Amino acid sequence: MNLMVRKPSAGTCRRLSYFIYPMTPHLRIKSYLYFKYNKMKHLLSDLKTVCLDEQKQSVVILDQTRLPLEEIYLKLSEPEEIYDAIKKLKVRGAPAIGITAAYGIYVCCNKFQTESGSEFYNHFLKIMDYLSGARPTAVNLSAALNRMKQILLQNQNLPVREQKEKLLCEAVTIRDEDATACRKIGEYGLQLLSPGTGILTHCNAGHLAVSEYGTALAPVYLGEEKGYRFQVYADETRPLLQGARLTAYELQRAGVNVTLICDNMASAVMQKGWIQAVLVGCDRIAVNGDAANKIGTSGLAILAKHYGIPFYVLGPTSSIDAECPDGEHITIEERAAEEVTDLWYKHRMVPNKCKVFNPAFDVTPHYLISAIVTEKGIFRPSELKKLFNS
Ligand code: MRU
């Protein structure tokens with residue numbers, strides 16, 4: 001595994017020139033918007049969640065366990081490294097996990113030396129089986145690997161070298177489709193918001209969880225480009241603090257107005273009237289519209305219902321599991337007790353032998369969800385089935 005430390009970026013000059021050069025009010029507004037746009041492009045586009053290296057021999061991920069203190073990139077080329085990165089949330093967020101698995105299986109198969117199609121296919125299946133087990137809840141992991149498998153099956157008659165090219169092509173397509181989907185989700189999501197909206201979000205469903213922009217945060221970024229100046233409240237998201245470490249980090253880095261709260265403060269900010277919409281991502285949506293997302297999401301939906309605040313789930317259609325009729329059928333990942341008892345503390349904060357329950361996700365029932373925003377449009381949970389008929 002290789003490490004790369006990112007050099008500090010230089011965006012200050014443009015910012016200074018905006019303040020130094022006198023301009024007419026009209027020019028000033030145009031320049032401000034231009035600056036904002038470039039700032040967004042600049043600040044987020046240099047932050048690569050997951051990509052291939054130039055030689056296409058390894059997957060490069062930004063190690064999210066090191067954020068917000070350090071931006072460290074890891075190069076992964078062995079199945080064990082890729083599995084470990086997904087399992088330990090060095091790369092996380094449903095779409096980003098799917099993209100990592102697709103690039104990862106390509107990288108691992110590309111270096112496998114054989115002329116035999118069946119030997120190559122068996123090698124692929126072995127890695128697919130292994131990587132699929134890294135995390136169980138996000139459907140994007142198995143969906144991406146299944147797409148890669150289908151490509152191999154469709155091209156079984158080609159020489160192994162060409163099958164490898166097909167795998168690469170499919171992995172890049174999965175990544176590019178995600179970027180396009182996120183942009184569309186942002187556009188649809190923005191239709192539900194107005195300038196100055198107070199938004200509560202949970203976990204991290206932003207740029208760091210996908211290829212670009214995010215899902216729940218995509219409308220925030222697009223709105224920001226248009227000068228909407230949202231007031232975003234980020235739940236810190238116990239126990240792994242994705243909201244504090246990642247959402248607050250990426251929003252602040254992009255110049256979005258963000259305020260961090262502890263998870264148990266959500267009701268208080270809603271009661272104060274500071275929240276007009278709750279935006280969350282999803283790891284798997286069942287056909288009936290039940291949605292699995294980071295633990296704590298369903299509680300927010302209950303609170304939102306109580307205060308009469310719309311609760312939106314935003315995600316690509318690749319997060320909808322056509323095989324899953326309802327939330328009861330979604331496997332919920334359970335993680336190590338130490339994440340709750342020890343992780344952020346100098347000393348263990350729980351009596352020895354105390355029992356701990358640490359589910360990583362929960363399911364929000366469809367009747368608490370105001371709308372599901374996908375790249376194909378905005379749907380009420382009961383309307384999701386339309387997507388399967390189109
Ligand atoms: O455990 P994590 O950090 O992978 O959980 C991520 C989430 O719950 C996100 O909200 C979800 O994957 C949507 S990402 C666009």
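The values are calculated or read from the model by the stated rules, or taken from the named source; none is laboratory data. As the structure is a prediction and not an experimental result, all values here were calculated from the model. Here the Cβ positions follow ideal geometry from the backbone for every residue, glycine too, while neighbour counts run over all protein chains shown.
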Restricting to the range 169-212, what's the tally of residues that are within 25 Å of residue 238 (Cα to Cα), hydrophobic (A, V, I, L, M, F, W, C) and away from the ligand (no atom under 14 Å from the Cβ)? 1
Residue list for the range 318-348, restricted to those being of a type in the set (Asp, Glu), under 14 Å from residue 138 (Cβ atoms) and touching a helix residue (DSSP H, G or I) at 6+ places or on another chain (Cβ under 9 Å): 321
How many of the residues in the range 340-371 are touching a Gly at 6+ places or on another chain (Cβ under 9 Å), among the hydrophobic types (A, V, I, L, M, F, W, C) and either loosely packed, with under 12 Cβ neighbours inside 10 Å or assigned to a loop (DSSP other than H, G, I, E, B) (or both)? 1
Please note which strands (runs of 3 or more DSSP E) are completely contained in the range 237-335 and include at least 1 residues that are touching a residue at least 24 places away in the same chain (Cβ under 8 Å) and either hydroxyl-bearing (Ser, Thr, Tyr) or at positive phi (or both). 258-261, 311-314
Scan 138, 216 and give me the residue that is at pLDDT below 95, within 30 Å of residue 270 (Cβ to Cβ) and buried (at least 18 other Cβ atoms within 10 Å of the Cβ). 138
Are there any pairs, at least 6 apart or on different chains, whose C-beta atoms fall under 9 Å, with the first in the range 342-363 and free of Cβ contacts under 8 Å to residues at least 60 places away in the same chain and the second among the hydroxyl-bearing types (Ser, Thr, Tyr) and surrounded by 14 or more Cβ atoms within 10 Å (Cβ to Cβ), and if so, which? 348/341; 349/341; 350/341; 354/341; 356/341
Of all residues in the range 45-91, which are in contact with a His (Cβ under 7 Å, 6 or more places away or on another chain) and crowded, with 20+ Cβ neighbours inside 10 Å? 49
Counting only helices (runs of 4 or more DSSP H) wholly inside the range 103-213, the ones holding at least 2 residues that are in contact with a helix residue (DSSP H, G or I) (Cβ under 7 Å, 6 or more places away or on another chain) and of a type in the set (S, T, N, Q) are 139-154
Checked the range 356-390 for anything of a type in the set (D, E, K, R) and more than 17 Å from residue 238 (Cβ to Cβ); matches are 375, 376, 380, 383, 385, 386
For the range 329-343, which positions are under 23 Å from the mean Cα position of the chain (by Cα) and away from the ligand (no atom under 15 Å from the Cβ)? 329
